[in-house]
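**Q** Can you keep this structure in mind? I'll have questions shortly.
No value in this document is a laboratory result; all are computed from the given coordinates. Predicted model, so just to flag it, every value in this text is computed and none were measured.
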Amino acid sequence: MTAEQVKPAPTATDAQKPVELTEAELHADIARLRVELGGTVDQLAGRLDVRKQAEEKIAQGRAALIQKAPVIGAAIGIGLLAIGVLVVLRGRKKKS
């Protein structure tokens, strides 16, 4: 049973008047509460799972690095090219 199929619980204004629910409505209300509590428990468990959080952070870091890899590679290439040019120019000056 999904949350959409379950009738919503009585609201605070409904609490002022006595509510008589049928057995089917009570079962539906219990099913709705189980769905809500299950979601809450899953959220709390996710917050307490340090290993899973660390793995997610590592995966995010890897994804960011992969996106930046072409830029980093280009910067290293330009740096090596500049060093090569400097070495060649110094070699020419020493020969002169």
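**Q** Using 0.36 nm times the number of residues separating Glu23 and Gln43, minus their current alpha carbon distance, what extension gain do you get?
**A** On the way: separation 20, 0.36 × 20 = 7.20 nm, distance 3.04 nm.
Going from the current span to full extension adds 4.2 nm.
**Q** Once Rh is set to the Kirkwood radius over Cα pairs, what Stokes-Einstein translational diffusion coefficient, in µm²/s, holds for segment 23-96 at a temperature of 25 °C and a viscosity of 0.890 mPa s? Walk me through the numbers before you get to the answer.
**A** Details: Rh = 18.2 Å.
My calculation gives 135 µm²/s for D.
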